[in-house]
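Q: First, the structure itself, so that you have it in front of you.
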Amino acid sequence: PDILRFTYNGIYTEQVRTYDVVPNRRKIGQFILMSRVSGEAEVSSITADLPRPDLFAPWRPVASRVNLGPEDFQSLKRSLTSSGFFAEPKFLGNLSSIQFYWLVSGCINGTFHLRALVWPEKSFREAAFPELLSSWDRTGIPINPPRINRLFQVYGTTNAEEQQTLFAIYVGEDTVN
């Protein structure tokens with residue numbers, strides 16, 4: 001079946017958004033969009049004194065779910081086409097956890113596609129799908145806007161070895177490592 005995953009990295013320690021588009025098994029031709037947003041942990045939200053403590057609440061993503069009709073899915077596919085999703089990959093290489101990027105993967109009509117759009121490249125700035133996803137996102141959390149940053153601005157140090165959340169993802173033509 002047609003299925004898509006959109007991942008927005010807005011500096012890993014600040015914001016990661018995922019949008020999963022999957023078929024609605026109860027309604028043929030319909031889809032479900034699951035939006036999840038993870039951000040900086042707010043440790044004041046730990047509840048330890050209740051009968052059912054939730055010690056992991058600060059790290060749990062905010063989620064929303066929206067039903068999409070066939071017209072919505074076609075609009076999404078058109079936005080992916082205009083964003084170059086079905087074309088040859090423009091970005092192959094490493095994505096850093098302190099960058100802003102979209103990583104989009106999915107199976108459409110039985111063919112797997114994988115693309116990375118990295119800020120400030122033109123493909124990122126002109127992509128059509130983020131606005132469409134944003135219109136369906138019910139988490140209430142605005143997107144962390146891209147900006148120029150450096151290791152020191154994110155972590156307060158230039159020593160990369162001290163940072164457990166500094167990593168790179170390698171993007172190949174049809175693989176992610």
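The values are calculated or read from the model by the stated rules, or taken from the named source; none is laboratory data. Keep in mind that what you see is a predicted model, and the values were worked out from it rather than measured. Methodologically, a virtual Cβ is constructed for each residue, glycine included, from the backbone with ideal geometry; neighbour enumeration extends over all protein chains shown. We work out accessible area using only protein heavy atoms, side chains counted, and drop any ligands, DNA or RNA first. Shrake-Rupley method; radii C 1.70, N 1.55, O 1.52, S 1.80 Å.
Q: Would you please list the contacts, defined by Cβ atoms under 8 Å and residues six or more apart or on different chains, that run from a residue in segment 23-35 that is buried (at least 16 other Cβ atoms within 10 Å of the Cβ) to a residue that is β-branched (Val, Ile, Thr) and not in a strand (DSSP E or B)?
A: Listed pairs, sorted by first residue: SER35/THR139.
Q: Further question: Output the residues belonging to segment 97-122 that are open to solvent by less than 30 Å² (accessible area, probe 1.4 Å), outside any loop (DSSP other than H, G, I, E, B) and farther than 18 Å from LEU4 by Cα.
A: Selection gives PHE100, VAL118.
Q: Then there is this: Answer with yes or no whether GLU161 is touching a Pro at 6+ places or on another chain (Cβ under 6 Å), at pLDDT below 85 and surrounded by fewer than 13 Cβ atoms within 10 Å (Cβ to Cβ).
A: Taking the combined requirement at face value, the residue does not satisfy it.
Q: Please indicate, with yes or no, whether at least one residue in segment 66-85 is assigned to a loop (DSSP other than H, G, I, E, B), in contact with a Leu (Cβ under 9 Å, 6 or more places away or on another chain), acidic (Asp, Glu) and within 16 Å of SER35 (Cα to Cα).
A: No, segment 66-85 contains no residue that is assigned to a loop (DSSP other than H, G, I, E, B), in contact with a Leu (Cβ under 9 Å, 6 or more places away or on another chain), acidic (Asp, Glu) and within 16 Å of SER35 (Cα to Cα).
Q: Can you tell me which of (1) modelled with pLDDT of 90 or more; (2) open to solvent by 70 Å² or more (accessible area, probe 1.4 Å); (3) of a type in the set (D, E, K, R) is the one ASP2 doesn't meet?
A: (2)
Q: Let me ask something additional. For the condition modelled with pLDDT under 95 and charged (D, E, K, R), what is the one hit in ARG26, ARG36, ARG78?
A: So the residue among ARG26, ARG36, ARG78 that is modelled with pLDDT under 95 and charged (D, E, K, R) is ARG26.
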